[in-house]
Amino acid sequence: MSATAPAGALSIEVAAMSKHFGALTALDAVSLRVRSGTVHALLGENGAGKSTLVKCIMGFYHADQGDLMVDGHVVEVRNPRDAARLGIGMVYQHFTLVPSMTVLENLVMARADVPAVIDWRAERARLNRFLDTMPFRVALDTPVSGLAAGEKQKAEILKQLYLDARFLILDEPTSVLTPQEADEILGLVRGMAAAGRLTILIITHKFREVLAYADVVTVLRRGRLAGGGAVGALSVDQMAALMIGDDRVAAVTERTMSGTGPGAVRLAITDLAVADADGMPAVRGVSLTVRAGEIVGIAGVSGNGQSELVEVLAGQRPASAGTVVVEGEVYRGRRAETQRHHLALLPEEPLRNACVGRMSVADNMAFRQFDRAPYAKGFWLSQAVIRAAARDLITRYRVKTPSPDTPIASLSGGNVQRAVLGRELGGIVHILVAANPVFGLDFAAVADIHAQIVAARNRGAAVLLVSEDLDELLELSDRILVMSEGHIVHETPIASADRTAIGRAMAGH
Amino acid sequence: MSDVALAANLGLWTVPIAVVGGAIRVSTPFLFVSLGELVTEKSGRINLGLEGTLVMGAMSGFAGAWLSGSPWLGVLLAGLVGIALGALHAGICSLPRVNDIAVGIALMLFGTGLAFYLGKPLVQPKAPTLPALPLGWWSDIPQIRAALEVNGLFVIGLVLTPLLRWALSNTRWGMIVRMVGDSAEAARALGYSPLRVRLAATCFGGFMAGVGGSFLSLYYPGSWNEGLSSGQGITAVALVIFARWNPVGCFLASLLFGGAVALGPALQAVGVTAGAYLFNAAPYILTLVILILSSSSRHRIAGAPGELSVTR
Ligand SMILES: Nc1ncnc2c1ncn2[C@@H]1O[C@H](COP(=O)(O)OP(=O)(O)OP(=O)(O)O)[C@@H](O)[C@H]1O
Ligand SMILES: [Mg+2]
């Protein structure tokens, strides 16, 4: 243990830990040492086993082999409550607050010693005293389902600090945050680590965050320890090489210009108005066009109507006013229409919006086509054809899955995304609608998916790209629109795009 | 009850008085089954097998009262049998790839069949019935006195309703049940086992349904026969959804439903016989109408537990 760190922060050591899911080896004798009071980054491709490793530390999964030591003593952690008692807390990759409960209820229920009868007044007072010592607050009486992603993440972190976590695991804490929010939160925990109150183990795909906030980095590759070291001693290229090994990163695909520039209008939206799930107006009079061979980017802070716009195009939500015209015909999001116009869709949270989690990868990949020849022969489906087509897409789009028959929900996030991408882009594409397509993906997958999108454009598809990541939009788009409070408030061709002006429009000024 | 005789001297007033009395009587099994099912559904499971539990409760409650001579021991036995059936449902549902609705339908048939089989020798005997509280003592009018003969179980249900509502948001147990029902992942991350919590919640639901069933054989109608339940168990499951998972809503919905059931006989008593069958269908029509009016294809049902398979 480091002599400089006061008693607060814990040190943790993992010795030769292995974990199998059926035939799949998710962790293969991984060892890891996290010194107290440090910020330790865990890197690795999608599916490398990062989440599995930390879930084993938390007792959420039970490792098949290996030991866990806390401050030099071997401990047995059977479930997350055991971990909490030891002072180990974790913010999971997927939110684990109860949506229908308020922030207050969630924070109190997370305590290890919830009394049989809860005195809400006393709990509120106690929590308020704690919040007074924190650099940020979250409204206590809002149900979690009503919080924006950034607020939820803050509540998750507050929850762990409220529980007196002295070793905090953060699994991709910033993928749902804006860069400003990410800096605020990481700066905060880094400060607490420096003060010796906390040790941080953080999983991230963003090298920028590793360089700015971490002391030490460990890299996993396909369930094995690939290497690591002090952050100052490793370059980004070295870290990237450790992550992907001999694999090749997709080269940046240039947007090529056909002689005539963008072609005919493929998608035209006029005065579209849409209500959100609570019946409140979310999209208020949006008009836009997308031509063949161009990528139109929609920028904006999440929750300004982008999701509802995409849901209308996906046929998941009815418009309350306005029209959508696709290739000259009115479009209502019907299956026959998407097939006739070759409209492809990459919605956000693909596991929820574009897959049936318990069905197999092969079945999910056949959703667009399963009822037509050659997948269907009259009344009957041909499992053989469905599986063969899936095998082809799995190799072409490099989906890492144990088999085509695995339920798609057990794939890592990046691989679900690839599977959907394969399904949507595998055939002819006239129009592509993509929403946050690289959310939570490792850098190699990002490069890959970006290349696929640009390639679709170069083949003549009209692409509507909705993203919260301005860098992504600036890199890929031909034209950028900014959406704020349900309106398009700014429009610019890429040649004259100005980051400051776009940022200001996003903020609603 | 001589409803027809009452009609003579009170005129049309008979109808509302009889409806109130009938509502209290008829609603009791609905109230118990729906309060129990509410807890089960709050934990993220739906137990359609409660129809079978209800009939088993009626049979075993009657048998218990007959053998022991005490109606309350019968009620207790019915509750215990309900717990056993609840545990069976939860046990089967905790196996992988099992659907709670399918298991519920199987247990509905199993419970009813088993009760008919075991209950064969119980059709003849008379068992002691549950006592009633004469809440109509202040009135001279015999009709009002009769209507306000309130049974003990109803009073227990009445007390239990606000208690349950309070417990669901102010006790550790209530909060854990809600947490498991709304996000099993979140509960697991805090170290609670959704399967175990659901086992307990389903057992509670079974207990309440068993007690509700014993009311049928020990109070009204007050004997055991195979036609005792006319789908009260399954209707109560629907009432929970209708009541939007709120105990007070369950209470009001049970009363409303009970009143609707009592409407047909009350009208017949004052001589309105036209369309008797239609009036007997009133409760079901009422449920359908309210469900349709309060539904929406665009919004989720407010208050629905997130893990419930029917709302997911
Ligand atoms: N519960 C599970 N059942 C079966 N397989 C699983 C399960 N959880 C994870 N896996 C598999 O284990 C491997 C490692 O997954 P893990 O979630 O640890 O990846 P990760 O490194 O966190 O990836 P990402 O960056 O996408 O979050 C993946 O191949 C995944 O499909
Ligand atoms: Mg992960």
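Throughout, read-outs are computed from the coordinates displayed, never taken from laboratory work. Remember, predicted model here, so these are calculated numbers, not experimental data. Methodologically, a virtual Cβ is constructed for each residue, glycine included, from the backbone with ideal geometry; neighbour enumeration extends over all protein chains shown.
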Average other protein chain Cβ within 10 Å of Cβ, residues B:170-176: 5
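How about segment A:360-394: which trypsin sites (Lys or Arg not before Pro) there lie in a loop by DSSP and see at most 15 other Cβ atoms within 10 Å?
Values: sites: A:R368, A:R372, A:K377, A:R387, A:R391; in loops: A:R368, A:R372.
Filter output for segment A:360-394: A:R372.
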Filtered hits (aspartates and glutamates, Cα-Cα < 18 Å from B:K42, offset >= 8 within chain) -> A:E105, B:D100, B:D182, B:E185, B:E307
Local electrostatic count, A:E13, Cβ distance below 10 Å [Lys/Arg +1, Asp/Glu -1]: 0
Using the basic label-point model (7 angstrom from Cα toward the beta carbon), what is the A:T270 to A:D119 distance in nanometres? 6.6 nm
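What average number of partner chain Cβ atoms lie no more than 10 Å from the Cβ of the residues making up B:187-199? The partial results should precede the final answer.
Working: counts 3, 5, 14, 14, 13, 4, 1, 0, 0, 0, 0, 0, 0.
Counting other chains' Cβ atoms within 10 Å and averaging over B:187-199 gives 4.
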Can you sort A:W120, A:W380, B:W13 from fewest to most other Cβ atoms within 10 Å of each residue's own Cβ? A:W380, A:W120, B:W13
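Using the number of other C-beta atoms within 10 angstrom as an exposure proxy, rank A:D363, A:D392 with the fewest first.
Details: A:D363 21, A:D392 13.
By the 10 Å Cβ count, ascending, the order reads A:D392, A:D363.
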Enter the mean number of other protein chain beta carbons within 10 Å of the beta carbon of each residue in B:113-120, as an integer. 0
Ranked packing of A:224-230, A:199-205, most packed first, by mean Cβ within 10 Å: A:199-205, A:224-230
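Give the order of B:C250, A:C56 when sorted by the count of other beta carbons within 10 angstrom, beginning with the fewest.
By the 10 Å Cβ count, ascending: A:C56, B:C250.
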Top mean-square fluctuation among B:A90, B:A274, B:A238, Gaussian network model of chain B, C-alpha springs under 10 Å? B:A274
Arrange the peptides B:128-141, A:421-434 so that the one whose residues have, on average, the most other Cβ atoms within 10 Å appears first. A:421-434, B:128-141
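Once you list every other residue whose beta carbon is under 12 Å from the beta carbon of A:Q153, what net charge do they have if Lys and Arg are +1 and Asp and Glu are -1?
Values: positive: A:K152, A:K154, A:K159; negative: A:E151, A:E156, A:D171, A:E172, A:E181, A:E184.
Net charge in that neighbourhood comes out at -3.
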Hey, what angle do you get for helix B:14-42 against the long axis of chain B, alpha-carbon based, 0 to 90 degrees rounded to 10? 10 degrees
Within-11-Å neighbourhood charge of A:D28 [Cβ basis; K, R +1; D, E -1]: +3
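In whole angstrom, how long is each semi-axis of the equivalent ellipsoid of chain A, when you take the square root of 5 times every eigenvalue of its Cα gyration tensor and sort them from largest down? Intermediate results must be reported in sequence, preceding the final value.
Numbers: eigenvalues 321, 151, 103 Å².
Semi-axes from the Cα gyration tensor: 40, 27, 23 Å.
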Quick one: give the max-minus-min coordinate of the C-alpha atoms of segment A:249-340 along each principal axis, largest first, in Å. 44, 31, 23
Peptide ranges B:103-115, A:70-82, B:194-206 listed from the most packed, as the mean C-beta count within 10 angstrom indicates: B:194-206, B:103-115, A:70-82
Compare the Cα positions of B:G86, B:V98, B:L286 along the charge dipole of chain B (+1 at Cβ of Lys, Arg; -1 at Cβ of Asp, Glu; about the Cα centre) and return the one farthest towards the positive end. B:V98
Suppose every Lys and Arg Cβ carries +1 and every Asp and Glu Cβ carries -1, with no other charges. What dipole size does segment B:5-311 come out with about its Cα centre, to the nearest 20 debye? 500 debye
Log entry: pair-distance distribution for segment B:5-311, C-alpha pairs binned every 10 Å from zero, whole % per bin is 7, 27, 33, 23, 8, 2, 0
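Please compute the contact order of segment A:343-427 in relative form: average sequence separation of alpha-carbon pairs under 8 Å and at least six residues apart, divided by the residue count, as a percent. Please report the intermediate quantities before stating the final value.
Details: 107 pairs, mean separation 35.2, N = 85.
It rounds to 41 percent for segment A:343-427.
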